[in-house]
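Structure record follows, encoded as structure tokens.
The values are calculated or read from the model by the stated rules, or taken from the named source; none is laboratory data. All figures in this text were calculated on a predicted structure; none of them were measured in a lab. Note that each Cβ is placed from the backbone with ideal geometry, even for glycine, and that neighbours are counted across all protein chains shown.
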Amino acid sequence: MDDAALAAALDLDAARAAIGAAVSIDEIDELRRSLTGKKSLVAAVKVRIKDLPNDRKPVVGAAVKAFTASVTEALDARKTEIERAAAVRRGPALDLTLGTHGRRRGHLHLITQTQRELEDVFVALGYQVAEGPEVEDDWHNFEALNFPPGHPARAMQDTFYVQLGDPEQVVLRTHTSPVQIRVMETQAPPIFSIMPGRVYRNEAPSPRNSSVFHQIEGLAVDRSITFGDLAGTMQAFTTAYFGEGVRSRLLPSYFPFTEPSAEYGVSCPFCAGAGCRVCSHTGWIELGGCGMIDPNVLGNVGIDPEEYSGFAFGFGIERMPMIKYGVQPIKTFFDDDIRFLEQY
Amino acid sequence: MRAPLSWIRDFTPVEADARDVAEALDHLGLEVEGIEEPGRELGGVVVARILDVRAHPNADRARLADIDYGIGRITVVCGAPNIVAGMVVAYAPTGATLPGGITLEAKDIRGIVSEGMLCSPTELGLGDDHSGILALPEDTDLGLDVREALELDDVVFDLSITPNRPDAMSIVGIARELAAHFSLPFEVPTPQVVESGAATGDQVSVVVDAPDRCPRYVARVATVTMGESPAWMARRLTLAGMRPISNVVDVTNYVLLERNQPLHAFDLDRLGGKGIRVRLATDGERLTTLDRVERMLTAEDLVICDANDRPQALAGIMGGGDSEVSDTTTAVLIEAAYFDPMGIARSSKRTGLRSESSHRFERGIDPEAVAAGADRCCELLQEVAGAVVAPAPLDVSPDPVERAHITIRTDRVNQLLGLDLVPTAVRDALVPLGIEVEGKGPDFATVAPSWRPDLEREIDLVEEVARRVGLATIPQTLPNVSGQTGGLTPRQRDRRLVADVLVGLGCSEAVSVPLIAPAQLTKLGLPLDGLVEAVNSLRADEAILRPAVLPGLLAAVDRNAAQGLTDLALFEMGHVFRAPTDGALLPDERDGVAVVFAGSVLRRPAEPDRPVDVYDLADTVRALGDALDLASLELVATDVAGFAAGRAASLVLDGVVVGGAGEIAADALDAEVPVVALELDLDALLAGERRDRTFRPLSRFPASNIDLAFVLDERIAAATVLTTLRATGTGLIEAVRVFDEFRSDALGPGRRSLAFAIRYRSPERTLTDDEVGGLRQAAIDAVVTAHDAELRG
């Protein structure tokens, strides 16, 4: 038996091609017989090994063994493939686009999502989260915040009064600032807290105004807190919330409970300050107010303004997604249309 | 406050570009809400005189106007009905530009080519009067650019002035700020009044009976010739947002805007007794104000009476109709006063009457500029109303207003602002604002200007320094919070967890307005006692503060249903309000949570959709109890207010009712779908006893499962039987649950079969068949005995 005859008998490529073409278990069984069975070429070679010269015997023997092993492996693999394919085809065709079993996740309200984002930014800056009642007394909502009775700044906030106590003594809080007073009344400096919550204004509803909305305020009180600390904090918040490249801006303003006071705004994140519809072509978006805590306010809560200083800031929560996503009118937040709730 | 730049330039030579001025105003805290440049879009429009008006040969409405525009003559076609020969008009030739981006082209109108057009006020951007062509004063130079003729090359800044800065509600005040900012000269000219005739005091009298409410009262008298204001004054008032009325009224408004000094002009001949008496009103006294409304006064209101003690004005707020100036007025008494800000604020609030005057008085005008305001008024009346002004004005200042003396420390400025200013920098920041500063520092004694009622304390001056150096120049730093770690409290984390669990269960979060209508409670059968009420709500449906979250959430269900959205799973968390307890001032305010399922739960394609039912609530309760590790949160069937009778359960935690759950009665909703809901006292839920979290080792021995079915009275809750079963296992029951319930005629009325699957497992060995048999018998005996049950086959 020459090498050519041996090669013809042990043609692995041809064997593999035949195995790959098989599509049924019957064909596999037939191939197994013809390729490795008693009447196969390999079987014939095996019979003739004993007639070969001694030096050829181990070589041919090894070749036969390797060929048989490879063919068996290929046959087994193909058989498994054919069996799997047959198994799959036993059920009807699969359509996963039909629908679901109806298990769905719900959605946190966009206000809650925004509030959590804001809370998380300040928590990362080292702040705690403080809360207080929505029905407040005049002291916490106005007087302790340096709005004396009859002060014109009280007219800046249309107030809901509640039928408790003396007339106009109990109000629905017009801002979250009374929580600042409550925190300072109960906690000694250093204080680094934020106060998210619901506030009320007794004004006729409009696309931008709602009788109810949400604010988040921040408060820092310690020795040697400066206006520079306030400006730096507002910029740190701006970067954390709006991203790199958005700048904060403070312009002088007036609030009874802070002095110096400032309006807080950011360079428009949509046009990078070039001017667009969102920023009314000014390049800036006003977001809220801030300032150094007025010494009268510190005095009202028993903190010595000569020893301690502090800053406070605040802005509307709804305003953030109104700017970011264009949600409007503000009433949308409180109508609870499921189409809105599921959009975010 | 609307401030025309041309007017500002009367007091300081600001040359900066309008944008730079606006930027400066913003950085000074005088917020610019808008910039108007009325003439910006007008180009090439000139003054012309109509020489002749002729008929158009081919048109009825249009006519031909021959015009002279100074450097030429031309004929244009015009459709306006009001043109006549001799009229001076604005002519826009071909190539001229008009507001709205219009550039004029020659136009063929019925066979005649018109080179340009004559303009109406609308076409020039001057308001919405398009009834005819604008008529200009007859002496206007022909050929002059109309921007110049109409002073339209002006810029108007619309400023939002904060309530602490009454001084900036005037042109002079704004000019002073800009002069300081741009380091420019600033001067308010002293009014020049030519006086003649009898002294004021010989003509009129002034008595102030309420000096604390009226610390200063200046009266001047003058004869006047009533008429229209000159164009320049009418134009400035218009640009500043005021409607010209008559020369005398316009002058008072002009001085109010220019100097922040509200004035009132009384018709002298209609002031009884030719005099003024300032006193408090009496309760029930009546006054008809200029707006023709009769006002009922109180003893809190300050009134200006004539010498016969008849009220003629609600002091500082609005004049009375009786002594109002009119066409027939020939002499006026000009009132310039300083009224107590708080008094004006209270009267204005009580009467609901607000005016430009009251707005300024209640914020505090300059008490030292009162006489100058009256003089400025007289100076202008001489110019525009031919006034003859009486000498020696009456100036009653029984109670002069003191200026504030304030010490400012350079160290304090630097410490609060985070700056490193030298003392001279502090002084230089303050002086241009009119603050008198003494000494070389570092601590300065200062005197606040009389026009700045907001400057009373050192911190007020620190703010001025901050404004003057510019907030943007203060270096940004971060406070050192190293003593404190940020974070949420356990309670805040738990609340987030509750929301997250509900979201995981498929519920979306609602946020509704906590102010609701009483009807929302009554239709649920909830009581109306113990509520907290808003007394001045503008809306009837926002009258009370919710005592529970559910009514608002059900309203959300109805709103969605009205949009055809009936398959809902919603929850809401938030404060609920109950009348105060134990003598507290503030309400009992706590956190509540409500969950509602409405319509159908989608199950297709594998199963048909099913209506929501109370087991959706049971799932929710179980998940919440599990998430919060509550040791015992149970549903106990019983009637609960707010839910359908016989279809509800209480939520019981540690033996205390913390909420309710069940079906909502169909008549409590507009939505015509099944609705189930639960409401929980979230505070109580979070305060519940938590399960022991000590690790329980997992048994590696095999479990033994048995099933038992009992027939028993249907009123016995499954949970009761489960409790009985659990007590029998001597700690070997790993799990037990109901796996079947049925009723049949064979079982008898009022009875049902409940089947239980029990899994026993020992932590330390394999249970023998005998042991399991014994446990099974103990379970059977216990249930049979305790619940009068019988074991099913």
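Details
- Just one of (1) surrounded by fewer than 18 Cβ atoms within 10 Å (Cβ to Cβ); (2) outside any loop (DSSP other than H, G, I, E, B) fails for B:A180. It is (1).
- Of all the residues in segment B:28-45, those that are over 30 Å from B:A90 (Cβ atoms), of a type outside the set (A, V, I, L, M) and in contact with a helix residue (DSSP H, G or I) (Cβ under 7 Å, 6 or more places away or on another chain) number 1.
- Unmet criterion (only one of (1) surrounded by 16 or more Cβ atoms within 10 Å (Cβ to Cβ); (2) free of Cβ contacts under 8 Å to residues at least 40 places away in the same chain; (3) over 39 Å from the mean Cα position of the chain (by Cα); (4) assigned to a helix (DSSP H, G or I)) for B:T424: (1)
- One residue alone among B:L680, B:L653 is modelled with pLDDT of 95 or more, more than 24 Å from B:A556 (Cβ to Cβ) and either surrounded by 17 or more Cβ atoms within 10 Å (Cβ to Cβ) or of a type outside the set (A, V, I, L, M, F, W, C) (or both), and that residue is B:L653.
- Under the condition of being surrounded by 13 or more Cβ atoms within 10 Å (Cβ to Cβ) and either charged (D, E, K, R) or in a strand (DSSP E or B) (or both), the residues counted in segment B:718-769 number 17.
Residue-wise test of (1) among the aliphatic types (A, V, I, L, M); (2) away from chain A (no Cβ under 14 Å); (3) without any contact (Cβ under 8 Å) to a residue 24 or more places away in the chain.
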| position | (1), (2), (3) |
| --- | --- |
| B:W7 | no, yes, no |
| B:V14 | yes, yes, no |
| B:D26 | no, no, yes |
| B:A48 | yes, yes, no |
| B:A59 | yes, yes, no |
| B:I71 | yes, yes, no |
| B:V76 | yes, yes, no |
| B:I83 | yes, yes, no |
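- Taking segment A:153-173 as the range and being of a type outside the set (A, V, I, L, M, F, W, C), crowded, with 18+ Cβ neighbours inside 10 Å and modelled with pLDDT under 90 as the test, the residues that pass are A:R154, A:Q157.
- The residues of segment B:24-55 that are in a loop (DSSP other than H, G, I, E, B) and surrounded by 19 or more Cβ atoms within 10 Å (Cβ to Cβ), listed by number, are B:G29, B:L30, B:P38, B:G39, B:L42, B:V45.
- Residue pairs whose Cβ atoms lie under 9 Å apart, separated by 6 or more positions or on different chains, with the first residue in segment B:388-409 and on the phi > 0 side of the Ramachandran plot and the second among the charged types (D, E, K, R), are B:A392/B:E195; B:A392/B:D202.
- Flag if B:L421 is more than 10 Å from chain A (Cβ to nearest Cβ), in contact with a Leu (Cβ under 7 Å, 6 or more places away or on another chain), within 27 Å of A:D229 (Cα to Cα) and not basic (K, R): no
Residue-by-condition table, conditions (1) at pLDDT below 95; (2) closer than 30 Å to A:F333 by Cβ; (3) away from every other protein chain (no Cβ under 13 Å):
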position: B:L570; (1), (2), (3): no, yes, no
position: B:V596; (1), (2), (3): no, yes, no
position: B:R610; (1), (2), (3): yes, no, no
position: B:A623; (1), (2), (3): no, yes, no
position: B:E634; (1), (2), (3): yes, no, yes
position: B:A648; (1), (2), (3): no, no, yes
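- Scanning segment B:399-417 for residues that are more than 14 Å from chain A (Cβ to nearest Cβ) and more than 17 Å from B:S450 (Cα to Cα) returns a single hit, B:T410.
- Consider segment B:111-162 and keep the residues that are in a strand (DSSP E or B) and of a type in the set (V, I, T). The one that is farthest from B:D17 (Cα to Cα) is B:I112.
- Qualifying strands (runs of 3 or more DSSP E) (wholly inside segment A:226-321; at least 2 residues being within 24 Å of the chain's Cα centre (by Cα) and either surrounded by fewer than 22 Cβ atoms within 10 Å (Cβ to Cβ) or small (G, A, S) (or both)): A:309-316
- Residue within segment B:749-756 that is modelled with pLDDT of 95 or more and aliphatic (A, V, I, L, M) present: yes
- Segment B:586-609, residues that are without any contact (Cβ under 8 Å) to a residue 60 or more places away in the chain, part of a loop (DSSP other than H, G, I, E, B) and surrounded by 15 or more Cβ atoms within 10 Å (Cβ to Cβ): B:L586, B:P587, B:L602, B:R603
The rows are residues; the columns are (1) part of a strand (DSSP E or B); (2) within 11 Å of chain B (Cβ to nearest Cβ); (3) over 19 Å from B:N480 (Cα atoms).
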residue: A:I181; (1), (2), (3): no, no, yes
residue: A:E185; (1), (2), (3): no, no, yes
residue: A:I194; (1), (2), (3): yes, yes, no
residue: A:R198; (1), (2), (3): yes, yes, yes
residue: A:N202; (1), (2), (3): no, yes, yes
residue: A:P205; (1), (2), (3): no, yes, yes
residue: A:N209; (1), (2), (3): no, no, yes
residue: A:H214; (1), (2), (3): yes, yes, yes
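- All helices (runs of 4 or more DSSP H) inside segment B:429-539 with 2 or more residues being under 30 Å from A:Y308 (Cβ atoms) and under 34 Å from the mean Cα position of the chain (by Cα): B:458-469, B:490-504
Condition check ((1) facing chain B (nearest Cβ under 9 Å); (2) farther than 30 Å from A:A18 by Cα) across all residues:
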position	(1), (2)
A:A86	no, no
A:L98	yes, yes
A:T114	no, yes
A:E119	yes, yes
A:G132	no, yes
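- Enumeration of residues in segment B:289-324 that are in a loop (DSSP other than H, G, I, E, B), aliphatic (A, V, I, L, M) and surrounded by 24 or more Cβ atoms within 10 Å (Cβ to Cβ): B:A315, B:I317
- When B:A540 is tested against (1) crowded, with 18+ Cβ neighbours inside 10 Å; (2) more than 7 Å from every other protein chain (Cβ to nearest Cβ); (3) more than 23 Å from B:L680 (Cβ to Cβ), just one condition goes unmet, and that condition is (1).
- Search result, residues across segment B:450-500 that are in contact (Cβ under 8 Å) with a residue 60 or more places away in the chain, under 14 Å from A:G228 (Cα atoms) and buried (at least 18 other Cβ atoms within 10 Å of the Cβ): B:R467, B:L471
- Some residue of segment B:238-246 being touching a Lys or Arg at 6+ places or on another chain (Cβ under 9 Å), modelled with pLDDT under 95 and not in a loop (DSSP other than H, G, I, E, B): yes
- Being touching an Asp or Glu at 6+ places or on another chain (Cβ under 9 Å) and crowded, with 24+ Cβ neighbours inside 10 Å is a description that applies to B:R259.
- Taken over segment B:614-637, the criterion of being surrounded by 14 or more Cβ atoms within 10 Å (Cβ to Cβ) and part of a loop (DSSP other than H, G, I, E, B) is satisfied by B:L628 alone.
- Filter result (under 30 Å from A:Q215 (Cβ atoms) and surrounded by fewer than 16 Cβ atoms within 10 Å (Cβ to Cβ)) within segment A:84-112: A:R105
- Which numbered condition B:E258 fails, given (1) over 27 Å from B:V194 (Cβ atoms); (2) in contact (Cβ under 8 Å) with a residue 40 or more places away in the chain; (3) touching a helix residue (DSSP H, G or I) at 6+ places or on another chain (Cβ under 6 Å): (1)
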